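A.B. asks: Submitted below is the structure of interest, expressed as structure tokens.
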Amino acid sequence: MCGFCAFRGSCKYDYYYGEPQAALSKVYLIVKSLPERQAPGGFFYWREVGMLRNLTMKNQINIRKAVENDVAAMVELWKEMMDFHKELDQLFTRKATGHEGWTDFITGHISNDDSCVLVAECNNQIVGQCLGFVSEYPPGITSKRYGKFQELAVTAKFRRFGIGEKLFSEMVTWFREHGIKRTQVRVSVHNELLTAFWRKMGFRPYAETLFLEI
Ligand SMILES: CC(C)(COP(=O)(O)OP(=O)(O)OC[C@H]1O[C@@H](n2cnc3c(N)ncnc32)[C@H](O)[C@@H]1OP(=O)(O)O)[C@@H](O)C(=O)NCCC(=O)NCCS
């Protein structure tokens with residue numbers, strides 16, 4: 001059944017076929033963006049629906065450490081993330097063979113004790129991933145070690161279910177267990193979605209990366 005219009009079979013919302021959770025999420029986001037007066041059932045009703053949606057989905061998501069067998073699925077998620085970035089900035093255009101390099105890169109991190117690679121799984125499908133690793137600032141300052149977030153991605157149909165936040169929280173736990181007190185992430189200034197996400201997680205800017213084509 002299409003989760004959006006409840007039509008049994010193919011309909012114009014076929015994208016949602018078999019995914020009522022995702023459909024509910026999209027409807028909720030549209031309604032949430034409406035002024036209170038226009039929201040069917042009132043904003044507060046929809047806020048409850050939103051909370052229920054998040055709770056239901058969160059219970060179905062399993063966050064665990066990645067293993068080598070996950071890498072093929074993770075590469076597909078990486079490609080999706082890169083193509084999303086490329087729409088905003090051509091710098092992120094991936095090479096035809098780029099996934100091979102990324103495969104080696106992430107496999108190396110999976111087997112590195114100073115790194116943590118997490119995946120979010122729903123019904124045996126990898127729907128999200130995140131890499132965290134211990135890094136160091138240049139010499140000369142008191143607290144050199146910090147935790148770096150990288151490669152965070154949630155596949156499009158599963159966004160806004162709290163999966164990104166769940167990956168973030170698990171990674172924070174791992175960093176704390178490794179004595180890390182400060183974390184950071186590099187964010188494209190063109191990616192407003194991402195900026196909104198990291199700000200919501202409590203991050204704030206402390207430096208600016210500049211570039212010049214020569
Ligand atoms: C960024 C990303 C990982 C977020 O994952 P997610 O599972 O959708 O995030 P969550 O549902 O946990 O969102 C947590 C909060 O972040 C903020 N947020 C997330 N997506 C947002 C959006 N599109 N617009 C505004 N705020 C957003 C909201 O405050 C949200 O809380 P709310 O839903 O209660 O309002 C996901 O959108 C993604 O994969 N984006 C493309 C890839 C990418 O840019 N990766 C970053 C590499 S460093």
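Bear in mind that the values in this text are calculations on the coordinates, not laboratory data. Everything numeric in this text was worked out from a predicted model, so none of it was measured. All Cβ positions, glycine included, derive from the backbone under ideal geometry; neighbour counts span all protein chains shown.
A.B. asks: Could you please rank T183, T103, T93, placing first whichever residue has the fewest other Cβ atoms within 10 Å of its Cβ?
C.D. replies: Working: T183 19, T103 16, T93 11.
Going from least to most buried by this count: T93, T103, T183.
A.B. asks: Here's another thing I want to ask about it. Assigning unit charges at the beta carbon (Lys, Arg +1; Asp, Glu -1) and nothing else, what dipole magnitude in debye, to the nearest 20, does region 66-200 show about its Cα centre?
C.D. replies: Around 640 debye, computed over region 66-200.
A.B. asks: Below 11 angstrom from the Cβ of V154, what's the summed charge of the other residues (Lys, Arg +1; Asp, Glu -1)? It would help to have the intermediate numbers written out before the result.
C.D. replies: On the way: positive: K157, R159, R160, K166; negative: E80, E165.
Net charge around V154: +2.
A.B. asks: Could you give the length gained on full extension between A196 and E76, defined as 0.36 nm per residue of separation minus the Cα-Cα distance, in nm?
C.D. replies: Working: separation 120, 0.36 × 120 = 43.20 nm, distance 2.42 nm.
Computed gain between A196 and E76 is 40.8 nm.
A.B. asks: Now a separate question. Among V119, V134, which comes first, second and so on when ranked by fewest other beta-carbon atoms within 10 Å? Numbers along the way, then the final one.
C.D. replies: On the way: V119 21, V134 18.
Ranked by crowding around the Cβ, least crowded first: V134, V119.
A.B. asks: When the Cα centres of region 117-178 and region 69-105 are compared, how far apart do they sit, in Å?
C.D. replies: Cα centroid of region 117-178 versus Cα centroid of region 69-105: 17 Å apart.
A.B. asks: With 10 angstrom as the radius, rank F133, F92 by how many other C-beta atoms surround their C-beta, starting from the fewest.
C.D. replies: Values: F133 19, F92 16.
The most exposed by this proxy come first: F92, F133.
A.B. asks: Rounded to the nearest 0.05, what FRET efficiency do L88 and Q60 give with R0 = 41 Å and r taken as the Cβ-Cβ distance? Could you check?
C.D. replies: Working: r = 30 Å, r/R0 = 0.74.
My answer for the efficiency is 0.85.
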